[in-house]
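Contents: one structure, followed by commentary.
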Ligand code: EPZ
C-alpha cells in the first residue's frame with residue numbers, strides 16, 4: 001500500500017496548472033467507441049481511471065495509443081460489445097458508461113455492475129430506466145448488466161433524480177437511436193456539456209446540455225473526432241481549499257472560473273480572498289477562516305466532491321460551521337480519520353456540525369475513498385507535525401501528479417512505502433509522529 005508522509009504547517013505558495021476533468025475523461029473515453037475509426041482525446045488527466053478505461057477498451061477490441069502527455073487515440077473500428085474484464089470494470093465506478101456506448105453502437109452490451117463505494121449505495125436504476133425507455137431489454141445476469149435491443153427508438157424520458165451518470169449514459173445511447181429523445185430533469189454539471197460537445201463533434205445532434213432538458217436527434221452513424229476535455233473544477237477546488245487551509249497564496253491556471261463559482265463564493269464567505277480572470281483564479285488566505293454553512297447540491301450548487309476537503313478547512317475556522325450533504329446518503333466516513341488529527345466534528349444524519357479548532361496535529365490516517373483521501377491531505381498540509389497517509393492510491397485515482405503538484409507549491413511531502421514501518425513481522429506498526 002503506497003503511503004504518503006506530509007510535513008504540515010507550510011503555507012502553499014506559487015502557481016499551479018490544473019489538469020483535465022476526471023469525470024469528463026471517464027465519460028469521453030467510452031463515448032469514443034460510438035464511432036468506427038480513430039478519435040483523438042486531449043487534456044486527459046494522468047490518473048489511474050483513465051489508464052484502466054483505456055485497457056478496458058483495448059480488451060474490447062479497440063486499438064489504443066496512449067494515454068501519453070494527456071493524449072489518447074482510440075481506433076474503435078473493430079470493437080466487441082462484451083468481454084470487459086469484471087475486475088477492471090469494478091475498479092472504475094464510471095464503467096457504467098460502457099453500457100450506453102455499446103448499446104448505442106451495437107444494440108447490445110454486457111458489462112459488470114459497478115462497485116458501490118463507501119459514500120452510499122449508488123444504484124444505476126435511472127440509467128436502466130432510460131435504456132428500457134429507448135426500447136432495450138435490460139437484465140442482470142450473474143452481476144453483469146445485459147442490455148439488448150432490436151432497435152433503439154427516440155422517446156420522452158423524465159429522470160426521477162437529476163443523475164449525472166444517467167444523463168450522460170442515456171445521451172450516449174440516444175445519439176444513434178431512430179428519432180428524437182427528449183431527456184428531462186437532467187443534471188447540469190459542466191462535464192455533461194463537455195461530453196455533448198464531443199458527441200456533436202462526432203456528428204451527433206445534441207442540444208440543451210447544461211440545462212435540465214436535453215434533446216437528442218438520433219443519427220445513423222457517428223464519425224471519429226478530436227476533443228480536448230475541460231479542466232477539473234474539483235481538482236481546482238481541492239487545491240484552492242488546501243491553499244486556504246495553509247494560509248497561502250496560489251494562482252491556479254487552466255481553470256474555468258465560472259465552474260468554480262459556488263466554491264469561490266463559499267471561500268469568500270469564509271474570509272478568503274479569491275481573484276479570478278480568464279483562465280485562472282488566485283487564492284490568498286492571510287488569516288484563519290471564518291465559520292460558514294455549506295449545503296452540497298447538484299451543479300451549480302456547491303459540489304459534493306469538494307465537501308470533504310472543505311470540511312478540513314472549516315475544522316480550523318473560528319466558530320461553528322454546518323455542512324449538509326444534499327447528494328449522497330452517507331458521505332461522512334472521513335470524519336473519524338479527521339478526528340484523529342484533532343478536529344471537533346459531530347455528524348447528525350446528513351449534516352455535520354464542525355466546531356473550529358486553533359490547530360490540527362499530524363497523525364497516522366487512512367484514506368478509504370478518493371475525496372475522503374483528499375480531505376486528509378488538506379488536513380495534513382494544515383496540521384502541525386507529520387501526517388502519515390495510508391491508501392494514497394485512492395487519492396491518485398482523481399488527482400494527477402499529486403506529490404509533484406503539491407511540492408511545486410511548497411508542500412513538504414514524500415512517499416514512504418513502509419519506510420516508517422520498522423515493525424518486525426508480528427509487531428504493531430509504530431509511527432514516529434514527533435513534531436517537526
Ligand atoms: C458522478 O457520479 C460523479 N462520478 C461523482 O463523483 C459525483 O459525486 C456525482 O456525479 C454527483 O456530482 C463520475 O462522474 C464518475 P449521480 P454519479 O448519478 O453519476 C443517486 C468523485 O469523487 N442515483 O449524479 O454516480 C445516487 O445514489 C465521484 O469524483 C440513483 O439513485 O452520480 C446519488 O445519491 C464521487 N439512481 C445521487 O443519485 C441512479 O440511477 C446522485 O448520483 C443514479 C444515481
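The values are calculated or read from the model by the stated rules, or taken from the named source; none is laboratory data. These numbers were taken from a predicted model, which means no experiment stands behind them. Methodologically, a virtual Cβ is constructed for each residue, glycine included, from the backbone with ideal geometry; neighbour enumeration extends over all protein chains shown.
Some notes on this structure:
- In the set 225, 201, 245, 173, only one residue is crowded, with 24+ Cβ neighbours inside 10 Å, more than 15 Å from the chain's Cα centre (by Cα), modelled with pLDDT of 95 or more and more than 16 Å from the ligand (Cβ to nearest atom); that residue is 245.
Per-residue answers, yes or no, for (1) more than 12 Å from the ligand (Cβ to nearest atom); (2) in contact with a strand residue (DSSP E or B) (Cβ under 7 Å, 6 or more places away or on another chain); (3) assigned to a helix (DSSP H, G or I):
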{"site": "26", "(1), (2), (3)": "no, no, yes"}
{"site": "30", "(1), (2), (3)": "no, no, yes"}
{"site": "40", "(1), (2), (3)": "yes, yes, no"}
{"site": "55", "(1), (2), (3)": "yes, no, yes"}
{"site": "58", "(1), (2), (3)": "yes, yes, yes"}
{"site": "74", "(1), (2), (3)": "yes, yes, no"}
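- Residue check: residue 93 meets all listed conditions (1) farther than 27 Å from residue 405 by Cβ; (2) within 11 Å of the ligand (Cβ to nearest atom); (3) surrounded by fewer than 24 Cβ atoms within 10 Å (Cβ to Cβ) but one, namely (1).
- Among the residues of the stretch 306-341, those that are in contact (Cβ under 8 Å) with a residue 60 or more places away in the chain, buried (at least 24 other Cβ atoms within 10 Å of the Cβ) and under 20 Å from the mean Cα position of the chain (by Cα) comprise 306, 307, 308, 309, 310, 311, 312, 313, 331.
- Per this entry, residue 5 is counted among residues that are part of a strand (DSSP E or B), modelled with pLDDT of 95 or more and in contact with a strand residue (DSSP E or B) (Cβ under 9 Å, 6 or more places away or on another chain).
- Looking at the stretch 79-148, the strands (runs of 3 or more DSSP E) lying wholly inside it that each contain 2 or more residues that are more than 20 Å from the chain's Cα centre (by Cα) and free of Cβ contacts under 8 Å to residues at least 12 places away in the same chain sit at 137-141.
- Single match in 44, 57 (criterion: within 28 Å of residue 221 (Cβ to Cβ), over 17 Å from the mean Cα position of the chain (by Cα) and at pLDDT 95 or above): 57
- Listed conditions (1) under 25 Å from residue 84 (Cβ atoms); (2) in contact (Cβ under 8 Å) with a residue 40 or more places away in the chain; (3) not in a loop (DSSP other than H, G, I, E, B) are all met by residue 16, apart from (1).
- Members of the stretch 176-198 found to be over 24 Å from the mean Cα position of the chain (by Cα) and under 17 Å from residue 227 (Cα atoms), listed by number: none
- Search result, residues across the stretch 176-196 that are more than 13 Å from the ligand (Cβ to nearest atom), surrounded by fewer than 20 Cβ atoms within 10 Å (Cβ to Cβ) and assigned to a loop (DSSP other than H, G, I, E, B): 179
- Candidates are the residues of the stretch 150-168 that are part of a helix (DSSP H, G or I) and either near the ligand (Cβ under 7 Å from one of its atoms) or without any contact (Cβ under 8 Å) to a residue 40 or more places away in the chain (or both); the one that is surrounded by the most Cβ atoms within 10 Å (Cβ to Cβ) is 166.
- Residue that is farthest from the chain's Cα centre (by Cα), among those in the stretch 204-218 that are within 15 Å of the ligand (Cβ to nearest atom) and buried (at least 24 other Cβ atoms within 10 Å of the Cβ): 214
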